[in-house]
Amino acid sequence: MEITLLTIEQMHDRYPNQWLLVANPKTDENLELLEGEVIAHSTDCDHIYTTIARERKTRTGNLSIEYTGTIPDNFAFIL
């Protein structure tokens with residue numbers, strides 16, 4: 001299976017206003033996503049969380065979540 005790496009700009013262009021699950025992410029020194037392989041995308045972040053649970057059973061390596069839209073001011077992340 002061929003792996004298609006996309007830059008962060010390509011991800012935003014291809015999947016506007018969506019949550020992305022990115023495998024083998026490449027990041028800069030500030031851990032900002034630069035590129036990776038999009039393995040799931042959805043407007044519903046719950047779909048991404050479900051996919052993470054499934055992928056963690058068989059996939060090795062890092063995963064990253066990216067949102068390609070504007071995050072509302074009243075939105076909070078819990079890590």
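The values are calculated or read from the model by the stated rules, or taken from the named source; none is laboratory data. Treat the numbers as computed from the prediction; the structure is a model and nothing was measured. All Cβ positions, even for glycine, are placed from backbone atoms using ideal geometry, and neighbour counts span all protein chains on display.
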- Task: Only residues in the range 47-74 that are on the phi > 0 side of the Ramachandran plot count as the first member; pair them with residues that are outside any loop (DSSP other than H, G, I, E, B) and among the polar types (S, T, N, Q), Cβ under 7 angstrom, at least 6 apart or cross-chain, and list the lot.
- Result: 61/24
- Which residue, of 6, 31, is at pLDDT 95 or above and of a type outside the set (Val, Ile, Thr)? 6
